[in-house]
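Colleague: Provided herewith is a single structure, encoded as structure tokens, for subsequent inquiry.
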Amino acid sequence: MPLKSSNAICLRIRKRNQVKAIPEMRKTGRSISSFGYRQIPLLILALFYAAGTLFAQDNDFTLEATISENKIFIGEQFTVSVQIGGSSMRGVSLPRIPEMDGVGLLSATPSRSTSVTIVNGRTTTSTTYTFSFVARSEGSYTVPPISIDIDGETYQTDPIPFDILERGDLTEEGGRQLPDIFLEVEPDVTNPVPGQQMVASLVLYFKQGVEITSFQPSSGWRTDGFWKEELENIRQPQAESVILNGVRYRKATLLRYALFPSRSGELTLSAFPLNVGIRTQPSRNDPFGSFFGSGGNQRRISIESEPVTITVDPLASPASGLSINAVGDLTVERRINRSTVETGETLELITTIEGTGNIPLIRRPEYSLPDGFDLYTPQETTDIQRRGLSIRGTKTYTELLVPRAPGRFELPEERIAVYDPNRDLYRYTTLPSLSFEVQPASGSPIASSGQRMPDLRPVQGLAVWQRQSSGVFYLTPVFWILLLIPAAAILIGLRQKKYYHRLQSDRSFARSQSAYDTALDRIDSAKNAVQKNEVKECYNLQRHALAGFISDKLALPEAGLSDKELIENVRETTDDRQLARSLHTMLEKCATISYAPISDSDDQLADIEKTEQLLLELKKKL
């Protein structure tokens, strides 16, 4: 084959191979420049989402605070709940709620509830902490952010606004609004005078459909400026129907107290706290209300009455006679235990005040006594009976008189003033004069001038002679002992005379000296009350023993002081917080024991023993 032709064939084959190796390229998608400009934002968002998902796995929880009601009436209870839910929480602290204005925190420790749910193999835990409050002041307020530590980090909830309304505020429609259940303290006298008895009734109002299953008064009702005595408990409160602002309510009187103002001016009865068990009927629109059981919703709530301000008018002084701060329907009598007495013996002057009125606040009459008598600390006994709506009783003062010289004496006639609040005037009782005779003490060396002298007879028998000591008598110890005995006796006598004189003239000092003995007498009465199964009287006497001892030792008013004031005075005087806490515990138990009486006499005697120990500690410190 010629060379030329072979070269031509090789060239054609190479060209055909080149065409097959490099085929024609066609545009089938978007260009690189177009993807970069339009899809980069989506890519960045996807990366952020992935990172957020990884972060959420480490912080997979929810935190939320809620309030049970946004509009609350004064005295109503409401709750603030903090809910934490999640699946990977390892450490959660108790919520820390700041102080809030206008409300009272019922317990610093919240209640706690926990629930666990499992969905598709994923476990979620939800914990709710609930704080209970009572609304006290009208206004607009805010629940501040609540702090809580989760896995070592501190988080806060959002603030929640709410309003506290006064009962009877106008609604947007112009009507008066009241809560479904509320408490009132209703006094029967609006403008009393000092010493006049008032009856303060604790009245519960509740709407139809609300059933009261139980109630329990809480400690802390302060009646500063009043002497308080609880009247007979109402065994079964009876509810009656009333109409308030066009709405039908039921009202029941739960408790009654006798209050005696101790001073004039504006006095305030603090809010009365009460725990109430209620049962509400299910709604008629609830299709399951009658299917799941028959009885409605049962729960316990805490409510408070509104404070009550009482204006006590001043009591005018009597035109004549002795004023003993007696107010009410009272009689006064006076007598002596005998008409003949010897010098140095004790004559008892007994004054008895009896009837209905302010028995605990009556003062001892200050009589005009003849000269030549020593007056010792008077004895005081009180017997109070709580029957119906009045305080009836007897108060007796026994004054001990010791005559120093013989003769015939007379206690002059006295006029005693007693204020009658029903007639708004003073009634006067005239105490007749009392005569008695003081005779010389039998066996006195000066009983008569013609007294015979004893016979003197000579000593018979053998006389024993002794040699006189050569020592000087005034240098012997016997001389100095004989010399000091009269001087010591004179000093002791002067001191005793000064002591008894101060007892007679200084009322506060006399109260302080007899405080412990008076307290022990009340403790003995409390032990007798245990034998009679009078639980309430037992604890009432223990309370009076403690309160009376503190008042007498610190020269405080004999009545009208609250337990809180007594404790504060003890804390300031002794600077002993443990003693103040023990006193607070016992006074609080005595104040509340009538609502949950202890039936076991051993428990009562154990409490009496604690009171005796507490009195000993107070005696050492005061």
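So that you can scan it fast, the table gives a plain yes or no per residue for (1) in contact with a Leu (Cβ under 9 Å, 6 or more places away or on another chain); (2) open to solvent by less than 20 Å² (accessible area, probe 1.4 Å); (3) under 30 Å from Phe182 (Cβ atoms):
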site: Pro95; (1), (2), (3): no, yes, yes
site: Glu99; (1), (2), (3): yes, no, yes
site: Thr109; (1), (2), (3): yes, no, yes
site: Arg112; (1), (2), (3): yes, no, yes
site: Gly121; (1), (2), (3): no, no, no
site: Pro145; (1), (2), (3): no, no, no
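Colleague: A further question on this structure: Specify which of the listed residues (Glu348, Glu380) is under 47 Å from the mean Cα position of the chain (by Cα), within 30 Å of Glu232 (Cβ to Cβ) and surrounded by fewer than 19 Cβ atoms within 10 Å (Cβ to Cβ). Quick ask: steps written out before the conclusion?
Modeller: On the way: Glu348 fails: within 30 Å of Glu232 (Cβ to Cβ).
Result of the check over Glu348, Glu380: Glu380.
Colleague: Taking the range 105-140 as the region of interest, how many residues are in a loop (DSSP other than H, G, I, E, B) and β-branched (Val, Ile, Thr)? Before you say what the answer is, go through the steps one by one.
Modeller: To start, the set of residues in the range 105-140 that are in a loop (DSSP other than H, G, I, E, B) comprises 106-110, 120-121, 136-138.
Pick out the ones that are also β-branched (Val, Ile, Thr) and you get 109.
Count: 1.
Colleague: Quick check, is Lys553 over 13 Å from Leu622 (Cα atoms), open to solvent by 10 Å² or more (accessible area, probe 1.4 Å) and basic (Lys, Arg)? I'd like the intermediate steps shown before the answer.
Modeller: Details: over 13 Å from Leu622 (Cα atoms): no; open to solvent by 10 Å² or more (accessible area, probe 1.4 Å): yes; basic (Lys, Arg): yes.
In short, no.
Colleague: Go through (1) under 18 Å from Pro179 (Cα atoms); (2) among the hydroxyl-bearing types (Ser, Thr, Tyr); (3) open to solvent by less than 50 Å² (accessible area, probe 1.4 Å) and name the single condition Ser241 misses.
Modeller: (3) is the only condition that Ser241 fails.
Colleague: Then there's this: Pairs needed: first member in the range 70-95, in the same structural domain as Thr157 (by the TED database) and part of a loop (DSSP other than H, G, I, E, B); second member anywhere, at pLDDT below 85 and open to solvent by less than 10 Å² (accessible area, probe 1.4 Å); C-beta distance under 7 Å; at least 6 residues apart or different chains.
Modeller: Met89/Ile150
Colleague: Which one of these does Tyr205 not meet: (1) modelled with pLDDT under 85; (2) assigned by the TED database to the domain that holds Glu266; (3) open to solvent by less than 50 Å² (accessible area, probe 1.4 Å)?
Modeller: Status for Tyr205: all satisfied but (1).
Colleague: Right, something else. Just wondering, is there one or more residues in the range 598-611 that are at pLDDT 85 or above and over 26 Å from Ser218 (Cα atoms)?
Modeller: Scanning the range 598-611 turns up no residue that is at pLDDT 85 or above and over 26 Å from Ser218 (Cα atoms).
Colleague: In the range 544-564, how many residues are more than 19 Å from Phe509 (Cα to Cα) and at pLDDT 85 or above? Let's see the steps before the verdict.
Modeller: Step one: filter the range 544-564 for residues more than 19 Å from Phe509 (Cα to Cα), giving 544, 560-564.
This time we only want the ones that are at pLDDT 85 or above, so: 544.
Going through the range 544-564 one residue at a time, the tally reaches 1.
Colleague: Is at least one residue of the range 221-233 over 23 Å from Asp563 (Cβ atoms), modelled with pLDDT of 90 or more and of a type outside the set (Lys, Arg)? Write out each step before concluding.
Modeller: Pass one, the range 221-233, residues over 23 Å from Asp563 (Cβ atoms): none.
No; the residues of the range 221-233 include none that is over 23 Å from Asp563 (Cβ atoms), modelled with pLDDT of 90 or more and of a type outside the set (Lys, Arg).
The values are calculated or read from the model by the stated rules, or taken from the named source; none is laboratory data. Just so you know, these numbers come straight off a predicted model, no measurement behind them. Because the Cβ atoms are built from the backbone with ideal geometry, glycine has one as well, and the counts that use them run over all protein chains shown. Heavy atoms of the whole protein, side chains included, go into the accessibility calculation; ligands, DNA and RNA do not. Shrake-Rupley method; radii C 1.70, N 1.55, O 1.52, S 1.80 Å.
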